[in-house]
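Have a look at the structure below before the remarks.
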Amino acid sequence: MHNTSRILLPLDTDTADKALALAAKLQGEVAGFKVGLELINSAGFDVFDKLSNLDNPNIFYDCKYHDIPNTVAGAARAAGRRGLWMFNIHASGGSAMLKAAVAGAEEGASAAGHKKPLVIAVTVLTSIDQPTLTEIGVIGRTVEAQVIALAKLAQDAGCDGVVASAHEIEAIRKACGPDFKLVIPGIRPAGSDIGDQKRVMTPAEAVAAGADYLVIGRPITGAADPVAVASQINVETIA
């Protein structure tokens, strides 16, 4: 892993071999790898063991747990036993669910002799804008206000940080302080296609605003020279 990179690279592939090849190629330019639902459902949980054979990989399991507290506690214990670096849950699951995830992660990691994974709460997906927020029933509250409310809920429940749009970084920092981890998706280098993201920012802008980690996938993985693109982003974002 790159010691000062802020990039979390999504391994959004449909086979373990493709994911491992991508990870091997870029491990020297990123802070960690995001393993999401596409890869897990295609390759199975053995992919975690295969990735662990790389050079000290930081694995972020993008599972977005959202269920009753007891179910989430069990899933979090399992994640803790795997020795993962980070996993996420939906803040909208409520305080009891968030607390259950944090406790479960600690229990699982302790039982297996691992360090507790970072538990990061998803606030509002970066694909959601104001009309979509209203569509799903959040009435009379802006996207930013919803993000801040969920971030504070997550912090009070013991979560280590949140996933949020770059446009809410400064507001979250003000509400939750400097030590709360901010994982920021929807990052697009200048000139990149924004795809299905609606609230985006460049890597340099996001870091200047206070982001800890940047989830950057397609602009890197879809490039003719992914290593060069990741390297350039590191140059732009490392103080």
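Would you be able to say whether some residue in segment 117-131 is outside any loop (DSSP other than H, G, I, E, B) and over 30 Å from Asn56 (Cα atoms)? Talk me through it step by step, then tell me what you get.
At the first step, the residues of segment 117-131 found to be outside any loop (DSSP other than H, G, I, E, B) are 118-122, 130-131.
From what is left, the residues that are over 30 Å from Asn56 (Cα atoms) are 130-131.
Yes, segment 117-131 has at least one match.
Of the set (1) open to solvent by less than 60 Å² (accessible area, probe 1.4 Å); (2) modelled with pLDDT of 95 or more; (3) not aliphatic (A, V, I, L, M), all apply to Pro57 but (2). Taking the criterion of being out of contact with any strand residue (DSSP E or B) (no Cβ under 8 Å at 6 or more places or on another chain), of a type in the set (A, V, I, L, M) and open to solvent by less than 40 Å² (accessible area, probe 1.4 Å), the only residue of segment 105-120 that qualifies is Ala109.
Does any residue of segment 83-91 turn out to be exposed (fewer than 15 other Cβ atoms within 10 Å of the Cβ), in contact (Cβ under 8 Å) with a residue 60 or more places away in the chain and in a helix (DSSP H, G or I)? There is no residue in segment 83-91 that is exposed (fewer than 15 other Cβ atoms within 10 Å of the Cβ), in contact (Cβ under 8 Å) with a residue 60 or more places away in the chain and in a helix (DSSP H, G or I).
In segment 60-71, the residues that are open to solvent by less than 80 Å² (accessible area, probe 1.4 Å) form Cβ pairs under 9 Å with partners that are part of a helix (DSSP H, G or I) and among the hydroxyl-bearing types (Ser, Thr, Tyr), at six or more places apart or across chains, as follows: Tyr65/Thr71. Can you name the residue in segment 52-82 that is polar (S, T, N, Q) and not in a helix (DSSP H, G or I) and, of all such residues, is farthest from Pro117 (Cα to Cα)? The residue in question is Asn53. Would you call Val102 open to solvent by less than 50 Å² (accessible area, probe 1.4 Å), farther than 23 Å from Ala211 by Cβ and modelled with pLDDT of 95 or more? Spelling it out, it is not the case that Val102 is open to solvent by less than 50 Å² (accessible area, probe 1.4 Å), farther than 23 Å from Ala211 by Cβ and modelled with pLDDT of 95 or more. If you go through segment 134-156 and pick out every residue that is surrounded by fewer than 21 Cβ atoms within 10 Å (Cβ to Cβ) and closer than 17 Å to His66 by Cβ, you end up with 6.
Within segment 14-35, the set of residues being assigned to a loop (DSSP other than H, G, I, E, B) and crowded, with 20+ Cβ neighbours inside 10 Å comprises Val30, Ala31.
Going through (1) modelled with pLDDT of 95 or more; (2) in a helix (DSSP H, G or I); (3) open to solvent by 20 Å² or more (accessible area, probe 1.4 Å) one by one, Asp49 falls short only on (1).
Between Ile148, Ile187, the distinction of being of a type in the set (Val, Ile, Thr) and modelled with pLDDT of 95 or more belongs to Ile148 only.
The values are calculated or read from the model by the stated rules, or taken from the named source; none is laboratory data. Only a predicted model underlies this, so the values are computations on that prediction, with no experimental measurement involved. Note: ideal-geometry Cβ built from the backbone for every residue, glycine included; neighbour counts use all protein chains shown. All accessible areas refer to the heavy atoms of the entire protein, side chains included, with ligands and DNA or RNA removed. Shrake-Rupley method; radii C 1.70, N 1.55, O 1.52, S 1.80 Å.
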